[in-house]
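Worksheet: the structure to be examined is printed underneath.
The values are calculated or read from the model by the stated rules, or taken from the named source; none is laboratory data. A quick note: this is a predicted structure, and the numbers were derived from the prediction, not measured. FYI the Cβ positions are ideal-geometry reconstructions off the backbone, even for glycines, and counts take in every protein chain you see. Protein only, heavy atoms only, side chains kept; ligands, DNA and RNA dropped before computing areas. Shrake-Rupley method; radii C 1.70, N 1.55, O 1.52, S 1.80 Å.
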Amino acid sequence: MKNAYKILAIGSLVAGLSVSIISCDKSISEPQRVGYTPANVDEKAGSWKTYVLTSPTDVTVAAPKATSSAEYQAELTDLKSKSASLTQEQQEAVVYWGAGAVYRWNEIARELAARYNIPPASTADGKYPVPDAANPLADPKFPFANPPYAARALAYLSVAQYDALVAAWNYKYQFKRSAPSKVDATVRVALPTSTIPTYPSEDAVVAAASYVVLKAMFPGEVPFLDAKLAEHQNSRLWAGMNVQSDLTAGADLGNQVAAKVMARAKTDGMSAANNQALTAGMIEVAKAQGLTEVWVSQESPLRPPMLPNYGAVTPWNFDAATKVKLRPGPPPALNSAEFTKALDELKAINKSQTREQARIANYWADGAGTYTPPGHWLRTAANAASEAKYSEVRMARTLALVGTSLMDAGICCWDTKYYYYYPRPQQFGVKTSVGLPNFPSYTSGHSTFSAAAATVLGSIFPDQANEFWAQAQEASNSRIYGLIHYRFDCTVGLECGKNIGTYAVNRGKADGSGL
Amino acid sequence: MKTILKSLAVAGLMAPFVAKAQMPNDAIYMGKKQLCVAGMYGYSSWSQYWENTLKRENFNIGTHTTQSVMVMPAYGISNRVNVILSLPYVWTSTSAGNLMGQHGIQDLAAWLKFKVVKAGGFSLNAIVGGSVPIGNYVPSFLPMSIGLQCRTFTGRLLASYREPKTGVYLTAHGSYGWRSNITIDQNSYQADDRVYNTDQVRVPNTYDAAVRLGVQRKGWQTEVWAERSSCLSGDNIRRNDMPFPTNNMQATTVGWYGKVQPRNIGVNARVGYVLDGMNVGQSTSYMVGLLYQINFNK
């Protein structure tokens, strides 16, 4: 039958077409990180300059039992039984944590920042409830991990990891306990080993320090963090990398350091960062400087500005007086030709944004529901340090330099924003393709964060400096393309961020690492 | 007229957040070598949406509107095999807030409809369709994006009975829709309560089911319909966050469709209203179309 053939022919054509359209596999590939032997064991790292500790001896570590002792031999026996054969799940945990303790805990912190980066919803009476640390899982969840909050959480995390690892390195090379597999060659190891002494365990140090900081920063995530902590510690046994006393000593050291670091956090001024009572005075200061139209929330109902007093939080790499000196000069008057030119540029983009401009705006948006620009840059930093096969302590140093500089950038930028209280382009009829942050325009946070991070990274990885700076430049431009910043917000923010980054660069050069 | 122009019933703008191309969902066929070209305009808007299961408004969106114009030719390869194409141009806007409207050519869709069984007034039809994005629009800027950048493939079974004397008919269909992964501009995003460190996004597959009851006579047609469309997996919009392509969008929609085509020129119209849903807007949608039929047999 003629029709049947026709149907058959068309049917096979359709089938052929559909096969070409469909690849049924919908799995997603994410970049994988695997463990490595550090390019340098950094055996002198015990003398590197710490942030909060004055010396590694601020914390104590009990002397380990000799590897010949009965206690140690019993631990070895236990280790061999735990590492002899692994379940699929245990193997996956070993590989996951084997990518690096600092690397993974930074990634976990970024994940938490993203999960909590949602502005509270307004209530029926037009108010925005303030997240409550005592009731973190209520609506709105605590914290609202906006960029300043995330910058601070990530900075404290990296500082705690770094200080704890410097102290750990001090004790490692004091006690010089070899890895279990070097004491007993029959221990089956699942990860690359190095000559770094294993008491106290750097993994346990990082896990404990990170756990304490993240529990304080994300109090609703205790069960999640408990599970991560336990898995990380166990993975070291499963991998045959540490005996139990390596881990116990590491956890103890990590806890001690984190407690000291969190003591700084409690008094750094963050508790007053959301003091909304100060904004009236800030507006007066801005008006006294001649600003004719101040920033006003563009949300409905009007949302109180994000952390107006974050600029008063204690910075890491310079003091409060230096912060004031770092504050850029005033933005153009609203009736100036410079302002008109900048606004006209935005109006033109608003009318005919190119796909490439939209791509750049989206790539760097890092808005609600993401790990924020500080998270974006710490991911870049962690990947660069991992590719360079940095030891745990050098990885932590890298992230601490970048992380503290990012928090410094946040503080300086917020100080500037609320000092000038400059209106957003949306107050002049411009739309946005990325969402509008709820705080004054001048200067651009993305530009400040990005320039600070790129400056620090460029100093640590000089051969990639141009690449990092090009990324910072693109991140800065993205806010123009996304239509939420004038060009001068971005160029001035970029310059200020570069100056902020220099302080961390200088600290790094003077921290005794010789790096 | 021997070859009554058969309709191009439209389920376009059914997904309330994102307009999608029309989908053939009837048992009516163009005769052999008959071409019908439809030009349609669609308007869909919502001022309330379901954030997960929470129905809410958003003062920073106000009323969200999606409009589209579309060309949709349908051609009778034989009396029992039809091919249908569609290509819409879509634009979005809001009445409040400052989100920038998006606009552009969306996805090209193609459908093949086979009348597998015909017995008296009863027919069983197999319908397959696929779509590919044509425009390079941004898929992740929901609810402003005009589409999701997915390639899709849909398989549908449709049964219909038409009483020959009165023209009263009852049609029911069920479909399975495959949707490809997409690439977004960001290299990380949150979905399924975790962060993905990649620009690859898994968009859930879909199903839909619908029933239609109507009258089809020479030159005109009128029907009421109800449709359930849903993702087979996916996550929910987080509290006070924006929607995302991974969301499990679901909607139950009811509506009316009508067509008048006494000669080779005709008009059609469609109204739809979302009764219930998840992760979608409660949209009311309208479509009007102009139909023109050409007979290549002459």
Quiz item: Say a paramagnetic label sat at a point 7 Å from the Cα of A:LYS389, along Cα to Cβ; which residues of the stretch A:28-48 have their backbone N under 15 Å from it?
Solution: A:34-42
Quiz item: B:ARG239 versus B:TRP220, label points 7 Å from Cα toward the beta carbon: distance in nm?
Solution: 5.4 nm
Practice problem: Equivalent ellipsoid semi-axes for the stretch B:43-129, as square roots of 5 times the alpha carbon gyration tensor eigenvalues: give them largest first, rounded to whole Å. | Solution: 39, 18, 9
Quiz item: Using just the C-alpha positions of the stretch A:270-327 as equal point scatterers, what log10 of I(q)/I(0) does the Debye formula give at each q in 0.17, 0.29 1/Å?
Solution: -0.72, -1.18
Practice problem: Compute for chains A and B the buried accessible surface, both sides summed, probe 1.4 Å, and express it in Å² to the nearest 100. | Solution: 4200 Å²
Quiz item: Averaged across the residues of B:190-199, what count of C-beta atoms belonging to other chains lies within 10 Å of each residue's C-beta?
Solution: 5
Practice problem: Could you pull out every one of the lysines with an alpha carbon less than 21 Å from that of A:LYS182, ignoring same-chain neighbours closer than 8 positions? | Solution: A:LYS65, A:LYS80, A:LYS82, A:LYS172
Practice problem: Taking just the C-alpha trace of the stretch A:361-515, give me its Rg and Dmax in Å. | Solution: 15.5, 53
Self-check item: Centroid-to-centroid separation of the stretch A:446-470 and the stretch B:29-98 [C-alpha atoms, Å]
Solution: 46 Å
Quiz item: What length, rounded to one decimal in nm, is gained on full extension from A:SER55 through to A:VAL34, with 0.36 nm per residue of separation minus their alpha-carbon distance?
Solution: 4.3 nm
Quiz prompt | Sequence-separation-based contact order of the stretch B:116-226, relative, with Cα cut under 8 Å and 6+ spacing, percent | solution = 21 percent
Quiz item: R0 = 45 Å: FRET efficiency of A:ALA510 with A:LYS347, Cβ-based, nearest 0.05?
Solution: 0.40
Practice problem: Can you tell me the relative contact order of chain A? Whole percent, Cα pairs under 8 Å, sequence separation 6 or more. | Solution: 19 percent
Quiz item: How do A:134-147, B:273-286, A:275-288 rank on mean C-beta neighbours within 10 Å, highest first?
Solution: B:273-286, A:134-147, A:275-288
Quiz item: Of A:VAL102, A:TRP238, A:ILE484, which is farthest along the charge dipole of chain A in the positive direction, counting Lys and Arg as +1 and Asp and Glu as -1 at C-beta?
Solution: A:ILE484
Practice problem: Could you pull out the GluC sites (Glu not before Pro) across the stretch A:318-386 that fall in loop regions by DSSP (anything but H, G, I, E, B) with no more than 12 other Cβ atoms inside 10 Å? | Solution: none
Exercise. Go from 0 up to the bin containing the longest alpha carbon distance in the stretch B:208-287, width 5 Å each, and give me the % of pairs per bin.
Key: 3, 14, 19, 18, 14, 11, 8, 6, 4, 2, 0
Quiz item: Which of rounded, prolate, oblate describes the stretch A:152-206, given a ≥ b ≥ c as roots of the alpha-carbon gyration tensor eigenvalues and a/c under 1.5 marking rounded, otherwise prolate only if a/b is larger than b/c?
Solution: oblate
Exercise. Tell me the label-point distance for the pair B:THR183, B:LEU275, using the 7 Å Cα-to-Cβ offset, in nm and rounded to one decimal.
Key: 4.3 nm
Quiz item: So, with +1 on the Cβ of K and R and -1 on the Cβ of D and E, and no other charges, what is the size of the charge dipole of the protein assembly as shown about its Cα centre, to the nearest 20 debye?
Solution: 3480 debye
Self-check item: For the stretch B:176-231 versus the stretch A:281-314, the gap between their alpha-carbon centres in whole angstrom
Solution: 43 Å
Exercise. Only Lys, Arg, Asp and Glu count, each charged at its Cβ (+1, +1, -1, -1), so figure out the dipole size of the stretch B:117-187 about its Cα centre, rounded to 20 debye.
Key: 300 debye
Quiz item: If r is the Cβ-Cβ distance from B:ASP193 to A:ARG264 and R0 is 30 Å, what FRET efficiency results, to the nearest 0.05?
Solution: 0.40
Exercise. Per residue of B:128-140, count partner chain C-beta atoms within 10 Å of its C-beta, then hand back the mean as an integer.
Key: 2
Quiz item: Using r as the Cβ-Cβ distance of A:THR87 and B:LYS33, and R0 as 60 Å, what FRET efficiency do you calculate, to the nearest 0.05?
Solution: 0.40
Quiz prompt | Options A:TYR421, B:ASN247, A:VAL294, ranked by Cα towards positive dipole end of the protein assembly as shown, top entry (Cβ charges) | solution = B:ASN247
Practice problem: Determine the equivalent ellipsoid of the stretch A:176-317 by diagonalising the alpha-carbon gyration tensor, then write out the semi-axes as square roots of 5 times the eigenvalues, largest first, rounded to whole Å. | Solution: 49, 15, 13
Quiz item: Using alpha carbon centroids, what distance separates the stretch B:269-297 and the stretch A:44-120, in Å?
Solution: 59 Å
Quiz prompt | Cα-based equivalent ellipsoid, the stretch A:416-473: semi-axes from gyration tensor eigenvalues, Å | solution = 29, 13, 7
Practice problem: At 4 °C and 1.567 mPa s, grab the translational diffusion coefficient of the stretch A:40-137 from Stokes-Einstein with a Kirkwood Rh over Cα pairs, rounded to a whole number in µm² per second. | Solution: 66 µm²/s
Quiz item: How high is the relative contact order of the stretch B:179-298, in percent, counting Cα pairs under 8 Å that sit 6 or more residues apart?
Solution: 18 percent
Quiz item: Mind checking the dipole of chain B: about its Cα centre, +1 per Lys or Arg Cβ, -1 per Asp or Glu Cβ, Debye to the nearest 20?
Solution: 1680 debye
Quiz item: Can you give the three extents of the C-alpha atoms in the stretch A:429-515 along their principal axes, from longest to shortest, in whole Å?
Solution: 52, 23, 18
Practice problem: Work out the charge dipole of the stretch A:346-415 with +1 on the Cβ of Lys and Arg and -1 on the Cβ of Asp and Glu about the Cα centre, then indicate which of A:VAL393, A:GLY375, A:LEU346 is farthest towards its positive end. | Solution: A:LEU346
Exercise. Just subtract the alpha-carbon distance of B:LEU124 and B:ASN297 from 0.36 nm times their residue separation and send over the number in nm, one decimal.
Key: 59.6 nm
Self-check item: B:LYS165 versus B:VAL132: modelled label distance in nm, points set 7 Å from Cα along the beta carbon direction
Solution: 5.1 nm
Exercise. Hey, can you find the accessible area per residue of the protein assembly as shown for me, probe 1.4 Å, expressed in square angstrom?
Key: 38 Å²
Self-check item: Paramagnetic reach from A:THR354 (point 7 Å along Cα→Cβ, amide N under 18 Å) across the stretch B:155-187
Solution: B:185
Quiz item: Got a number for carbon plus sulfur as a percent of the stretch B:107-181's accessible area, 1.4 Å probe?
Solution: 69 percent
Exercise. Would you mind estimating how fast the stretch B:21-165 diffuses translationally, via Stokes-Einstein at 37 °C and 0.692 mPa s with the Kirkwood radius over Cα pairs, in µm²/s?
Key: 190 µm²/s
Quiz item: What Kirkwood hydrodynamic radius do you get for the protein assembly as shown when you take the inverse of the mean 1/r over all pairs of distinct Cα atoms, in Å?
Solution: 29.4 Å
Self-check item: Helical mean residue ellipticity (222 nm; -39500 (n - 2.57) per DSSP H run of 4+; nearest 500) of chain A
Solution: -19000 deg cm²/dmol
Quiz prompt | chain A, accessible surface, carbon-and-sulfur percent (1.4 angstrom probe) | solution = 56 percent
